[in-house]
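My structure is below; once you've seen it, I'll send some questions.
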Amino acid sequence: MEFGVSTFVTDDGIGPAALGRALEERGFGALFLAEHTHIPVSRETPWPGGAELPRHYYRTLDPFVALTAAATVTERLLVGTGIALVIQRDPIVLAKEVASLDLISGGRAVLGIGAGWNREEMRNHGTEPKTRMRLLRERVLAMKELWTEDEAEFHGEFVDFDPVFSYPKPVQDPHPPVLVGGSGPTTFDRVVEFGDGWMPILGRGTEDLGGQIAALRERAGRRVPVTVFGVTPKAQIVADMEAAGADRVLFNLPTEPEAATLARLDEMAKLL
């Protein structure tokens, strides 16, 4: 089983280059970064994690800029999004960002995706919450065309473009893996149709994780890779994840200044 961290990189915590270097030095294999383009002041949509939205949600750096900084000072560390809010991004631009990160990193990019929870945030991007899952599907399928075809085109309900040239192409063949986040009733539909892996958040609909993983792999007819997101760094939890059939765990790393982060990573590294 592989190990990494999932975190929010902000303007008042450890910087992405220092974090990436520290992770690789301690033997971690992956860095996954969250994103929020902004947080609406209204705060109408409840946060799934509790009552009060934590400070770091308001202050995230752009994940692709931050991951590029981490990639340039590392050699082996996977650099991924956990998650990228595809429904808030233009698919042609996002396809170029992911391919550029994959090229700069030498084929180490991973795209974790989701449809988000903050309805006011997505509306500010022109996205209707009720149709966001259909929008997510089309944007991912369109990006796969852009990554793999010399003259890519896509014609759907939400995404529609005639043949285009889109470069660079990703280093990974056929493209960076797309990990589908979430654990709702239709999540496996998305994993099977256009995902290359599943990335649930531990504790949110994962009460029978081993059974869920087995059911997904049976349905897909293949060994779907599973990355478990937001894991508490405890030995028993790690053992449970391995027994459930997970391929990678991402320890939840709080957003803190550099000295505190390095000390916390030293403790986490004991579990590797």
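No value in this document is a laboratory result; all are computed from the given coordinates. Bear in mind that the values here come from a model prediction, so they are computed numbers and not experimental data. Because the Cβ atoms are built from the backbone with ideal geometry, glycine has one as well, and the counts that use them run over all protein chains shown.
Taking the alpha-carbon centroid of each part, what is the distance from the range 63-111 to the range 229-248 in angstrom?
So the two Cα centres are separated by 25 Å.
Rounded, prolate or oblate, given the Cα gyration tensor of the range 2-269, with a/c below 1.5 counting as rounded?
Numbers: a/c = 1.28, a/b = 1.24, b/c = 1.03.
It is rounded, given that a/c, with a ≥ b ≥ c, falls under 1.5.
Of G195, H125, L209, which is farthest on the positive side of the dipole of the range 110-214, counting Cα position, with +1 on Lys and Arg Cβ, -1 on Asp and Glu Cβ, and the Cα centre as origin?
Looking along the dipole axis, the top candidate is L209.
For a footprinting-style exposure proxy, rank W147, W198, W47 by other Cβ within 10 Å, fewest first. Please list the in-between numbers first.
On the way: W147 22, W198 27, W47 14.
By the 10 Å Cβ count, ascending: W47, W147, W198.
Hey, can you grab everything whose amide H is under 5 Å from the amide H of G112? Only 5+ residues off in sequence or another chain; H modelled, so Pro and N-termini drop out.
Here the answer is T81, A84, L179, since their amide H atoms fall under 5 Å of that of G112.
For the Cα atoms of the chain, what angle does the longest principal axis make with the long axis of helix 235-244, in degrees from 0 to 90, nearest 10?
The helix 235-244 is inclined about 40 degrees to the chain.
Run the simple label-point estimate for H125 and R59 please: 7 Å along Cα→C-beta, distance reported in nm.
2.3 nm
Which order do F8, F194 fall in if you start with the one that has the fewest other Cβ atoms within 10 Å? Could you put the intermediate results ahead of the total?
On the way: F8 23, F194 17.
With the fewest neighbours first, F8, F194 line up as F194, F8.
Restricting to the range 2-269, compute how many DSSP beta bridges are antiparallel as a %, nearest 5. Numbers along the way, then the final one.
On the way: 4 of 33 bridges.
Given both bridge residues lie in the range 2-269, the antiparallel proportion sits at roughly 10 percent.
Could you run the Karplus curve 6.51 cos²θ - 1.76 cosθ + 1.60 with θ = phi - 60° over the range 29-34 and give me ³J(HN,Hα) per residue in whole Hz, x for Gly and Pro?
3J(HN,Hα) across the range 29-34, in whole Hz: x, 7, 10, 10, 10, 7.
Can you give the translational diffusion coefficient of the range 9-161 in µm²/s, computed by Stokes-Einstein from the Kirkwood radius over Cα pairs at 4 °C and 1.567 mPa s?
Details: Rh = 16.5 Å.
Estimated diffusion coefficient is 78 µm²/s.
Something else about it: By counting other Cβ atoms within 10 Å of each Cβ, how are S6, S166, S105, S42 ranked from fewest to most?
In order of increasing Cβ crowding within 10 Å: S42, S166, S105, S6.
From the phi angles alone, apply the Karplus equation (6.51, -1.76, 1.60; θ = phi - 60°) to the range 191-206 and give each ³J(HN,Hα) in whole Hz, x where the residue is Gly or Pro.
Computed from phi, the couplings for the range 191-206 are 4, 5, 6, 9, x, 10, x, 10, 9, x, 8, 4, x, 10, x, 10 Hz.
Further question on the same structure: Pick from G106, G49, G29 the residue whose mean-square fluctuation is largest in a GNM of the chain, springs joining Cα atoms under 10 Å.
Evaluated over the chain, the most mobile residue of the options is G49.
Same structure, new question: Taking the Cα centre of the range 110-215 as origin, sum charge times position over the Cβ atoms of Lys and Arg (+1) and Asp and Glu (-1), and report the length of that vector in debye to the nearest 20.
Values: 11 positive and 18 negative charges, 108 e Å.
I would put it at about 520 debye.
Pick out which of L85, L262, L53 has the largest mean-square fluctuation in a Gaussian network model of the chain, springs linking Cα atoms closer than 10 Å.
Comparing L85, L262, L53 in a Gaussian network model of the chain, the most mobile one is L53.
In a GNM of the chain with a 10 Å cut-off on Cα contacts, which of F64, F251, F154 has the highest mean-square fluctuation?
Sorting by GNM fluctuation, first place goes to F154.
The range 157-260: which GluC sites (Glu not before Pro) are DSSP loop and have at most 11 other beta-carbon atoms within 10 angstrom?
Details: sites: E157, E193, E207, E218, E242, E258; in loops: E157, E207.
Here the sparse-neighbourhood loop sites are E157, E207.
Using amide H atoms built in the peptide plane, which far-off residues or other-chain residues are under 5 Å from E2 H to H?
Correct list: R248, V249.
Suppose every K and R has +1 on its Cβ and every D and E has -1 on its Cβ; what is the size of the dipole of the range 2-269 about the Cα centre, in Debye to the nearest 20? Don't jump to the answer; show the numbers that get you there.
Numbers: 27 positive and 39 negative charges, 96 e Å.
In debye, rounded to 20, the range 2-269 gives about 460.
How far is helix 91-105 tilted, in degrees, relative to the longest principal axis of the Cα atoms in the chain, given as a value from 0 to 90 rounded to the nearest 10?
The two axes meet at around 40 degrees.
May I ask for the angle, rounded to the nearest 10°, between helix 132-148 and the longest principal axis of the chain, with both axes built from Cα atoms and the value confined to 0 to 90°?
The angle comes out near 80 degrees.
A further question on this structure: State, as an integer percentage, the relative contact order of the chain based on alpha-carbon contacts under 8 Å between residues 6 or more apart. Intermediate results must be reported in sequence, preceding the final value.
Values: 529 pairs, mean separation 60.0, N = 272.
Relative contact order comes out at 22 percent.
If amide hydrogens are placed 1.01 Å from N in the peptide plane, which non-local residues have theirs closer than 5 Å to the one on T60?
Counting only residues 5 or more places away or on other chains, the set is H36.
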